[in-house]
Each structure stands twice: as C-alpha cells, then as structure tokens.
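Enquirer: Please see the structure below; I have some questions.
The values are calculated or read from the model by the stated rules, or taken from the named source; none is laboratory data. Source: prediction; values computed, not measured. Neighbour counts are summed over all protein chains in view; Cβ atoms, including those assigned to glycine, are modelled from backbone coordinates with ideal geometry. To get the accessible areas, we keep the full protein, side chains included, count just its heavy atoms, and leave off ligands, DNA and RNA. Shrake-Rupley method; radii C 1.70, N 1.55, O 1.52, S 1.80 Å.
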Amino acid sequence: MKAGFLATLAGVIGMGLTGGCTPMKPADQADSIFVGGDIVTVNDAQPAAEALAVKDGKILAVGARAPIEKSHKGAATQVVDLGGKTLMPSFIDAHSHYIQSLTVANQCKVYAPPAGPGKDVEAIVAALKQFADEKKVPKGELIQCYGYDENVMPDGRQLNRDDLDKALPDNPVIVGHVSMHGGVLNSMALKKYDYSAKTKTPPAGVIVRKPGTNEPYGLIMETAYLPVFAALPKPTHEQEVDWSRAGQMLYAEAGITLAQEGATHAADLEVMQRATAAGANIIDVVAYPFFTDLEKIVAANPVTGWGKYDKHLKIGGVKITADGSPQGRTAYFTTPYLTGGPGGEKNWRGEPTMPQDTLDKLVKQVYDMNVPLLVHTNGDAAIDMLLKAYEFARAGDFSKPWNVTTIHTQFLRTDQIPKFVQYKIRPSFYTLHTFYFAAAHTKNRGAAQAAYVSPMRDAIDAGLRPTNHTDFYVAPLDQMFMMWSAVNRVSREGGVLGPDQRITPLEALKSQTIWAAEQYDEQASRGSLEAGKLADLVILDKNPLKVEPMAIKDIKVMETIKEGRTIYRAP
Ligand SMILES: [Zn+2]
C-alpha cells in the first residue's frame with residue numbers, strides 16, 4: 001500500500017517537474033527506460049527502436065525515444081544509457097542439459113580454444129592450479145574439470161597422471177573428457193576409484209597404460225569409466241540451492257534466461273523441484289522428462305500440472321531418443337558409414353535406440369498425453385522412423401495442433417523437409433558441428449552429406465522456423481559462437497562446410513529467440529521485444545546484425561536482465 005502510494009506521488013511530482021500538464025498514471029510510469037544504443041527487437045513489424053520502457057518485469061513500450069519518455073518517464077524512472085551497446089531479447093536455450101550445469105559450475109573448464117584455455121597440457125595444468133588456488137580447495141578433496149579434448153593437443157602430446165600429480169599431488173583430480181564418456185585421473189584419483197596395474201580393461205572400455213608398463217596412465221574411457229561416473233559426487237540437499245544458482249549463472253553469463261533440461265530423470269527432477277521450492281531459480285528452467293522415467297515422473301507429477309511455471313520451473317513435455325551420435329558412429333542412417341562401425345563392423349549404418357513399433361507406441365503415448373515432444377534424431381534413418389511414428393500416432397488426423405521438435409536433426413535429407421512442413425514438426429539444429437566435427441563427418445559420411453549437416457537454409461526457405469542449440473555441456477554455452485556457426489559454417493580447420501546452408505544473422509538470431517519461444521509455446525510472452533512481453537533482455541557490446549559476420553563470435557554479453565532485474569553484469 002505504502003509503496004504504491006509513494007510511486008503515485010513520485011509519478012505526479014515527476015510529471016510536474018518535467019512540465020507535463022496531466023499527471024502520469026502510476027500504471028504508465030516505467031521502472032526503467034533504455035536508450036542510447038541499438039535496440040534489436042526481433043519483431044518483423046517493428047525491427048528496431050530507440051527506446052524500451054520496462055515496468056513490473058514486463059515491457060511497457062518499445063519505439064521512438066521522445067514519445068516513450070513523454071508518456072512513461074516519471075520521477076522514479078531510471079533512464080539506462082546503453083552507451084552505444086545493443087539491447088535485444090535474451091536468448092532462449094533450445095536444447096541443453098541443465099542438470100549438468102549444477103556440477104560443472106563447481107568445476108574448472110579446460111575446453112580447447114576458442115571455448116576455453118585447453119590448448120596444450122601446460123595450459124590445462126595451469127588452469128587447474130589456478131582453479132584450485134582460487135577456490136582454496138582443501139587437501140584431499142576431489143577436483144574436477146570438464147572439456148578435455150585429446151584430438152586437439154599439439155603433436156599428439158596427451159595429458160597423463162604424471163602431469164596432474166606434479167601440479168596437484170595432494171588432491172584426487174579428474175579432468176573430464178569433452179565427450180562426457182571418460183576422463184584423465186591423477187594417481188590419487190586412480191587409487192580412490194580403484195584402478196591399478198591389476199585392473200583388467202573391460203569390453204568396450206579404454207584404460208590407457210603408461211608406456212612399457214601395465215600402470216594406468218590417466219585416461220579412462222567408456223565402460224571402464226562407468227564406476228567413476230556412478231561414484232561422482234552429487235549435491236547434498238544442503239548444496240542443491242547453491243549449486244542450482246551457480247549452474248543458472250552459467251546460462252545468465254551467456255545471455256540466456258530460459259534453460260532446457262533436455263532429458264530429465266526422475267531423481268534430477270526431484271533435485272530441481274526441491275531447489276525451486278527453496279527459491280533457487282534465477283532464470284526459467286524447462287524440464288523434459290526422459291522416456292525411461294516417464295511412468296515414475298507422471299505418477300508424481302500429474303500431466304494436468306505440466307506446461308505451467310511454478311517459481312520459474314516448468315515441465316515442458318517428453319524427451320525420447322531415437323539414435324546415437326554421428327561422430328561416435330552410433331547415429332542411424334539409411335546408407336553405411338564410410339569408416340565402418342565403432343567396433344570395426346562392416347557395412348555399418350548405426351542402430352536405432354529402439355525398434356519402430358516401440359517408438360510408434362511411445363510417440364502415440366505422448367500424443368495422447370497432449371504434451372509437447374522432443375525427439376533426439378541424428379541420422380536420416382532415425383528421422384524416417386520418427387516421421388513414421390508421428391504418422392502412427394496421428395492415425396490420419398492432423399487437425400489438432402501438436403508441438404513436436406526433433407533435436408539435432410543433423411543429417412536431415414532434402415526429401416524429408418516437405419514432411420516437416422506438412423506435419424508442422426520443428427527441427428532444432430546443431431550447427432556447432434560445422435565447426436567441431438567437419439573433419440569427422442566428412443570422413444565418416446562423405447563430403448556431400450557432411451556439407452548438408454544441419455541444413456538451416458533449406459529448412460527456413462521451406463517455411464520452417466527451426467531453432468539451434470548447444471547441447472551443453474557437449475558444447476559450451478556460447479550463444480554468439482553458435483550464431484556465428486549458423487551464419488558462417490566455418491570449420492575448426494578453416495574451411496566452409498556447406499556454404500549454401502548459411503543463414504543470415506537475423507535468421508540465426510530468430511532461431512535463438514522468437515522461434516525458440518515457439519518451441520516452448522511461449523511466443524506470446526517472450527522471444528522478441530514487444531509491449532506486454534517479459535522484460536527478459538540481453539545487452540551485447542556490439543550489434544550482431546551490423547558487425548562483419550566473422551566477428552559475431554567475438555561479441556560479448558555485457559548484461560543479462562530477467563524480468564527487469566539485472567542477473568548478470570560482465571566484470
Ligand atoms: Zn542433448
């Protein structure tokens with residue numbers, strides 16, 4: 001009551017001082033007005049603006065500066081000068097694994113450049129030591145890193161236990177592999193998880209041995225790593241809030257205000273719900289229960305409650321996986337891999353996660369639940385299977401709207417695109433592979449298929465509104481780098497993979513904002529700068545629609561604003 005009265009008074013006085021003749025109604029007085037830089041609205045009806053007014057966490061007005069200040073600037077209004085920087089709608093994460101952020105927020109990052117410092121063994125060790133010093137990690141406590149990629153080490157010189165022992169002899173250390181399927185352990189960690197010269201390498205596992213000995217040399221992968229994976233520390237109930245906040249800050253730093261938990265297991269959902277109830281959420285989080293845990297999650301969370309936020313957490317729909325990954329040669333194709341199977345199989349096309357009739361039933365189950373569906377599909381045969389399952393679920397009736405998104409959709413065939421258009425299925429692409437895996441895809445699938453990976457240009461030209469994603473933490477949360485990859489399709493080696501599938505910066509921006517909002521059925525409340533939508537904003541140091549396309553990746557997130565409140569400011 002009192003605050004309302006004061007705001008009214010301030011509004012009246014404000015108008016008096018600025019010479020208005022009628023007092024400004026409190027409902028018209030903005031909390032803040034942004035001016036002094038480019039405002040990119042991602043709204044085709046009004047693509048640019050001079051000023052944006054915010055009130056009560058929502059956008060009050062967007063447009064020319066003079067009328068907005070006249071109608072909405074009161075005594076209590078804060079005028080924010082962008083100082084030449086660019087204001088845009090914040091990014092919407094179209095697919096990532098939010099739950100992983102809870103743990104990686106407490107780990108050091110050793111991705112290879114440009115995503116991180118891990119250019120060689122020395123740089124990784126230095127990053128690790130700096131992390132241990134800064135965090136003042138006590139002796140004996142486990143130190144974890146993520147993002148190690150041995151493929152990019154100069155001269156093939158690999159990280160080993162001796163490198164880690166020298167730097168941190170008093171702590172168990174695990175440097176996680178970028179694939180999430182393994183890691184390099186130091187001597188204390190090898191001992192802690194019971195690896196020794198006597199440990200036999202399990203089938204489909206990797207234990208790298210020190211040359212000339214049987215001693216584990218650090219890198220443990222695949223099935224051999226599973227015991228470590230299972231024993232990795234999880235947050236205690238007391239840590240859940242802090243860890244959730246730290247994870248969400250990784251998204252906020254990247255300019256994201258909606259994060260996806262893209263394959264939610266029952267136990268993870270419980271963590272998220274406990275943290276939510278304790279007020280942990282800084283941004284919005286949308287969980288997609290994984291098909292393996294569907295019954296359990298539905299039993300505890302009736303479907304009638306899905307699709308609505310409760311303290312910034314929403315259950316968005318169901319996630320199904322239909323195949324594996326093309327770089328791991330587990331994606332399912334109609335034609336063989338040129339390099340055979342991961343186990344040396346000949347005439348290998350990969351394998352589906354489940355047979356067609358199982359997928360049919362599962363997809364129909366989700367259709368009958370009347371909730372959105374995400375389906376992981378990479379190879380063209382997996383996409384064929386999904387289309388069949390979709391037809392099975394629909395049984396000839398395509399009238400009811402149904403929100404379906406294919407996740408990755410990397411090896412979509414030209415002839416499959418019209419089906420996506422007809423069925424209104426949204427492809428979510430993964431253009432970062434044009435940078436990270438150009439060489440692997442060309443080797444495994446041939447130049448023509450590799451050049452057509454994540455064909456955003458053709459999808460958009462056909463009338464689809466695709467999204468684009470990082471799949472964090474498989475790739476880093478870097479929306480500008482992702483946008484750069486969609487616009488340029490430049491590979492790590494420096495070539496251009498499929499130049500005719502490049503899209504414009506504005507299209508790339510839409511795939512991370514307004515089109516991503518549609519994926520969550522939230523286009524009415526977010527994804528562009530329009531009056532009435534949430535004041536979820538990001539301030540960038542440069543305008544991605546104006547810089548040279550190759551410079552998009554160098555644009556910095558300066559500030560992230562969630563419902564009118566600054567949640568991240570660049571140091
Ligand atoms: Zn994923």
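Yes/no per residue for (1) more than 18 Å from L540 (Cα to Cα); (2) free of Cβ contacts under 8 Å to residues at least 12 places away in the same chain; (3) not small (G, A, S):
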position: G36; (1), (2), (3): no, no, no
position: I39; (1), (2), (3): no, no, yes
position: A45; (1), (2), (3): yes, yes, no
position: E50; (1), (2), (3): no, no, yes
position: I59; (1), (2), (3): yes, no, yes
position: E69; (1), (2), (3): yes, no, yes
position: T77; (1), (2), (3): yes, no, yes
position: V80; (1), (2), (3): no, no, yes
position: G84; (1), (2), (3): no, no, no
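Enquirer: All but one of (1) within 16 Å of the ligand (Cβ to nearest atom); (2) open to solvent by less than 10 Å² (accessible area, probe 1.4 Å) hold for H376; which doesn't?
Expert: (2) is the only condition that H376 fails.
Enquirer: Is it the case, given these coordinates, that T339 is farther than 14 Å from L386 by Cα and either among the β-branched types (V, I, T) or not in a loop (DSSP other than H, G, I, E, B) (or both)? Spell out how you get there, then give the answer.
Expert: On the way: farther than 14 Å from L386 by Cα: yes; either among the β-branched types (V, I, T) or not in a loop (DSSP other than H, G, I, E, B) (or both): yes.
Against the criterion (farther than 14 Å from L386 by Cα and either among the β-branched types (V, I, T) or not in a loop (DSSP other than H, G, I, E, B) (or both)), T339 qualifies.
Enquirer: Can you list the strands (runs of 3 or more DSSP E) found entirely within segment 50-109 that contain at least 1 residues being at pLDDT 95 or above, surrounded by fewer than 21 Cβ atoms within 10 Å (Cβ to Cβ) and more than 16 Å from the ligand (Cβ to nearest atom)? Don't jump to the end; show me each part of the working.
Expert: Numbers: elements: 51-55, 58-63, 78-81, 86-89.
Because the criterion is at least 1 residues that are at pLDDT 95 or above, surrounded by fewer than 21 Cβ atoms within 10 Å (Cβ to Cβ) and more than 16 Å from the ligand (Cβ to nearest atom), the strands (runs of 3 or more DSSP E) in segment 50-109 that meet it are 51-55, 58-63, 78-81.
Enquirer: Go through segment 149-208 and report how many residues are within 25 Å of P117 (Cβ to Cβ), among the small types (G, A, S), open to solvent by 20 Å² or more (accessible area, probe 1.4 Å) and touching a residue at least 24 places away in the same chain (Cβ under 8 Å).
Expert: Matching residues across segment 149-208 total 2.
Enquirer: What is the one condition in (1) surrounded by fewer than 20 Cβ atoms within 10 Å (Cβ to Cβ); (2) touching a residue at least 40 places away in the same chain (Cβ under 8 Å); (3) over 29 Å from N488 (Cα atoms); (4) not hydrophobic (A, V, I, L, M, F, W, C) that P418 does not satisfy?
Expert: All conditions are met except number (3).
Enquirer: Can you tell me which of (1) open to solvent by 30 Å² or more (accessible area, probe 1.4 Å); (2) within 26 Å of K556 (Cβ to Cβ) is the one A112 doesn't meet?
Expert: Looking at each condition in turn, A112 falls short on (1).
Enquirer: Name the residue that is most open to solvent (accessible area, probe 1.4 Å), counting only residues in segment 342-367 that are under 26 Å from the mean Cα position of the chain (by Cα) and in contact (Cβ under 8 Å) with a residue 40 or more places away in the chain.
Expert: This residue is L362.
Enquirer: Any idea which residue in segment 112-134 is nearest to the ligand (Cβ to nearest atom), counting only those that are part of a loop (DSSP other than H, G, I, E, B) and modelled with pLDDT of 90 or more? Before the answer, list the steps.
Expert: Residues of segment 112-134 part of a loop (DSSP other than H, G, I, E, B): 112-120.
Next cut, modelled with pLDDT of 90 or more only: 117-120.
Working: P117: 25, G118: 22, K119: 26, D120: 29 Å.
Among them, the one singled out is G118.
Enquirer: In segment 135-148, what count of residues is obtained for those that are open to solvent by 50 Å² or more (accessible area, probe 1.4 Å) and either at pLDDT 95 or above or on the phi < 0 side of the Ramachandran plot (or both)? Even if it seems obvious, please write down each step before you answer.
Expert: First, the residues of segment 135-148 that are open to solvent by 50 Å² or more (accessible area, probe 1.4 Å): 135-136, 138-139, 141.
Those still in the list that are either at pLDDT 95 or above or on the phi < 0 side of the Ramachandran plot (or both) too: 135, 138-139, 141.
Summing the residues that are open to solvent by 50 Å² or more (accessible area, probe 1.4 Å) and either at pLDDT 95 or above or on the phi < 0 side of the Ramachandran plot (or both) in segment 135-148 gives 4.
A quick yes/no check of all residues on (1) within 16 Å of the ligand (Cβ to nearest atom); (2) modelled with pLDDT of 95 or more; (3) under 18 Å from the mean Cα position of the chain (by Cα):
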| site | (1), (2), (3) |
| --- | --- |
| H181 | yes, no, no |
| Y195 | no, yes, no |
| A231 | no, no, no |
| M249 | no, yes, yes |
| A252 | no, yes, yes |
| I256 | yes, yes, yes |
| A267 | no, no, no |
| M272 | no, yes, yes |
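Enquirer: Given the conditions (1) open to solvent by 10 Å² or more (accessible area, probe 1.4 Å); (2) at pLDDT below 95; (3) in contact with a strand residue (DSSP E or B) (Cβ under 9 Å, 6 or more places away or on another chain); (4) of a type in the set (A, V, I, L, M), and given that I220 satisfies all but one, which numbered condition is not satisfied?
Expert: (1)
Enquirer: Give the residues of segment 266-319 that are of a type in the set (D, E, K, R), in a loop (DSSP other than H, G, I, E, B) and in contact (Cβ under 8 Å) with a residue 12 or more places away in the chain, sorted by residue number. So that I can check it myself, show each step before the final result.
Expert: Filtering segment 266-319 for residues of a type in the set (D, E, K, R) gives 268, 270, 274, 284, 293, 295-296, 308, 310-311, 314, 319.
After this cut, where a residue has to be in a loop (DSSP other than H, G, I, E, B) as well, the list is 308, 311.
K311, the sole residue that qualifies.
Enquirer: Within segment 304-346, work out how many residues are of a type in the set (K, R) and in contact with a Leu (Cβ under 7 Å, 6 or more places away or on another chain).
Expert: The initial filter retains those residues of segment 304-346 that are of a type in the set (K, R), namely 308, 311, 314, 319, 329, 346.
Checking which are in contact with a Leu (Cβ under 7 Å, 6 or more places away or on another chain) leaves us with 319.
Residues flagged as of a type in the set (K, R) and in contact with a Leu (Cβ under 7 Å, 6 or more places away or on another chain) within segment 304-346 amount to 1.
Enquirer: Could I ask something else about it? For V547, indicate whether it is in a loop (DSSP other than H, G, I, E, B) and under 25 Å from G83 (Cβ atoms).
Expert: yes
Enquirer: Right, another one. Which of (1) out of contact with any strand residue (DSSP E or B) (no Cβ under 9 Å at 6 or more places or on another chain); (2) closer than 22 Å to M550 by Cβ; (3) of a type in the set (D, E, K, R) does R489 not meet, given it meets every other one?
Expert: (1) is the only condition that R489 fails.
Enquirer: What is the number of the single condition among (1) out of contact with any strand residue (DSSP E or B) (no Cβ under 6 Å at 6 or more places or on another chain); (2) open to solvent by 10 Å² or more (accessible area, probe 1.4 Å) that G118 does not meet?
Expert: (2) is the only condition that G118 fails.
Enquirer: Just to confirm my filter: which helices (runs of 4 or more DSSP H) fall fully inside segment 424-526 and include at least 1 residues that are within 16 Å of the ligand (Cβ to nearest atom) and open to solvent by 10 Å² or more (accessible area, probe 1.4 Å)? It would help to see each step written out before you state the result.
Expert: Working: elements: 432-436, 438-445, 447-451, 456-461, 479-488, 505-512, 514-519.
Because the criterion is at least 1 residues that are within 16 Å of the ligand (Cβ to nearest atom) and open to solvent by 10 Å² or more (accessible area, probe 1.4 Å), the helices (runs of 4 or more DSSP H) in segment 424-526 that meet it are 432-436.
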